[in-house]
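Here the structure comes first, spelled out in structure tokens, and everything after it is commentary.
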Amino acid sequence: MIQPDPKDDGPDGINLHDWDGDGDLDIFSNAEEGRYSRLYFNPGPDLVRELWKDFIEFSHGKCEDSGIGDLDADGDIDYVANGGWIFFNPGTSQVRDRTKWQKMTLFDYERRVPTVADVDGDGLNDLIVGAQEWYRQPRDGKHEAKNWRQFTLGKNRWPMNCIRHDVNGNGLIDLIVPDRGKEVCWYENPGAARITAPWRRKTLHAHQEPMFMAVADLNQDGVEDSVITGGSKGELAEKLIILIRTNRRDDPQFQEVVLDQVGDSFPKGVAVMELNGDPERSEILVIPRSGNLWMAYSSCAAHSPNDWQTCSIEMPGADTRKKMDNAWLGDLDGDGDLDIATTEENGGWGVIWFENPATTRD
């Protein structure tokens with residue numbers, strides 16, 4: 001546990017980065033109902049399993065998602081709370097002084113999955129919000145909202161992720177979006193000449209109630225596959241949907257594999273990582289809404305359900321974790337392997353992490 005949530009402030013997102021430059025990953029987490037975000041400073045390998053007591057707090061509106069990236073081209077990683085509220089990093093020497101972080105309000109309402117990326121290829125990071133609009137970083141006056149020009153690329157109902165990936169193999173970065181209540185879609189990058197125009201929306205998978213998803217090469221064929229958690233509604237509720245890609249270019253084609261959930265809580269968060277000590281194979285790590293985490297793994301081409309196995313990852317306190325979120329990966333304890341960070345609402349756990357047992361520290 002990094003910090004508990006005794007007042008149900010609703011921590012609901014995590015960002016990992018070494019903000020203070022000490023070599024350890026810190027955590028920036030937003031609290032939806034609490035209307036604040038906290039930057040927790042990693043206490044180092046010897047104390048990482050204790051509560052992280054060193055943090056600074058920022059106030060803003062209701063915030064379900066957050067993101068990070070350099071939005072003023074000064075080399076420091078800034079923070080974005082739910083799309084509209086940007087906090088500019090003052091630099092490593094002043095990073096612990098909350099008053100030195102300059103706040104800019106692009107808009108004063110919720111817009112999910114803020115994503116920092118150079119959309120137009122001008123060498124400056126832009127800000128994508130709601131996986132449907134983007135704001136171009138200006139050359140000058142970067143901390144003034146009036147200088148950030150908005151463009152619309154699409155329309156979504158409830159984006160759970162905004163994943164940047166070259167879907168059709170043409171060298172341009174597209175956006176993959178599990179749009180909850182609609183489908184899993186992708187927006188085709190129109191190229192530099194039309195980058196500010198709306199992007200064409202295409203269906204990746206028809207499941208109408210997706211939760212989170214991940215994109216990774218699951219069978220080591222050099223092609224990125226997709227994993228979608230089925231959530232609690234629709235025909236594929238309580239399922240894990242694995243899409244093994246069968247072509248390299250053009251619109252994606254998949255072999256679909258559907259696995260039953262493990263336990264009695266629907267799959268929600270997901271990540272692809274190495275869990276069993278075999279660096280040649282990666283496993284699918286699933287965070288359900290509540291209870292124990294679980295994993296899915298295969299030792300072959302993985303094109304059918306019979307190629308896959310699942311198992312629960314038993315951990316203390318599973319019954320008390322009520323509403324967990326997505327899986328964020330990072331080496332929090334500095335032992336060389338990826339650990340798992342997430343947030344938990346309604347059970348009091350707050351911001352938590354799970355230690356990868358692949359490497360044992362002395």
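Points to keep in mind about this one:
- Hits in segment 22-34 - residues which are closer than 15 Å to Pro6 by Cα and either of a type in the set (D, E, K, R) or surrounded by fewer than 19 Cβ atoms within 10 Å (Cβ to Cβ) (or both): Glu32, Glu33
- Asp335 vs. criteria surrounded by 15 or more Cβ atoms within 10 Å (Cβ to Cβ), of a type in the set (Asp, Glu) and under 24 Å from Asn219 (Cβ atoms): no
- Verdict on Gln253 being at pLDDT 95 or above, in contact with a strand residue (DSSP E or B) (Cβ under 9 Å, 6 or more places away or on another chain) and over 20 Å from Gln208 (Cβ atoms): yes
- The residues listed here are Gly13, Gly83; of these, the one that is surrounded by 20 or more Cβ atoms within 10 Å (Cβ to Cβ), of a type outside the set (Ser, Thr, Tyr) and not in a loop (DSSP other than H, G, I, E, B) is Gly13.
- Among (1) under 25 Å from Trp353 (Cα atoms); (2) of a type outside the set (A, V, I, L, M); (3) at pLDDT 95 or above, the one test that Asp70 misses: (1)
- Entry remark, segment 291-308: residues being under 27 Å from Lys323 (Cα atoms) and in contact with a helix residue (DSSP H, G or I) (Cβ under 8 Å, 6 or more places away or on another chain) number 2 in total.
- Within segment 152-165, residues that are without any contact (Cβ under 8 Å) to a residue 40 or more places away in the chain sit with their Cβ atoms under 7 Å from residues that are part of a strand (DSSP E or B), at 6+ positions apart or across chains, in these pairs: Asn156/Val177; Asn156/Asp179; Arg157/Asp179.
- Entry remark, segment 165-186: residues being in contact with a strand residue (DSSP E or B) (Cβ under 6 Å, 6 or more places away or on another chain) and either outside any strand (DSSP E or B) or surrounded by fewer than 16 Cβ atoms within 10 Å (Cβ to Cβ) (or both) number 3 in total.
- Total residues in segment 313-353 satisfying the condition of being among the polar types (S, T, N, Q) and not in a loop (DSSP other than H, G, I, E, B): the figure is 3.
- Tabulated pairs, segment 263-274, first more than 17 Å from Ala214 (Cβ to Cβ), second small (Gly, Ala, Ser), C-beta under 8 angstrom, 6+ apart or interchain: Gly263/Gly291; Gly263/Ser312; Asp264/Gly291; Ser265/Ser290; Ser265/Gly291
- Evaluated against (1) over 26 Å from Arg139 (Cβ atoms); (2) in contact (Cβ under 8 Å) with a residue 40 or more places away in the chain; (3) surrounded by 15 or more Cβ atoms within 10 Å (Cβ to Cβ); (4) more than 21 Å from the chain's Cα centre (by Cα), Val95 falls short on exactly one condition, (1).
- Answer residue from segment 187-216, given it is touching a Ser or Thr at 6+ places or on another chain (Cβ under 8 Å) and in contact (Cβ under 8 Å) with a residue 60 or more places away in the chain and is surrounded by the most Cβ atoms within 10 Å (Cβ to Cβ) among those: Ala214
- The residues on offer are Val270, Val262, Val286, Val215, and the sole one that is in a loop (DSSP other than H, G, I, E, B) and β-branched (Val, Ile, Thr) is Val262.
- Boolean, Glu57 is more than 18 Å from Val95 (Cβ to Cβ) and either in a strand (DSSP E or B) or among the acidic types (Asp, Glu) (or both): no
The values are calculated or read from the model by the stated rules, or taken from the named source; none is laboratory data. No experiment lies behind these values; they were computed from the predicted model shown. Counting neighbours? That spans all protein chains shown, and the Cβs are built from the backbone with ideal geometry, glycine included.
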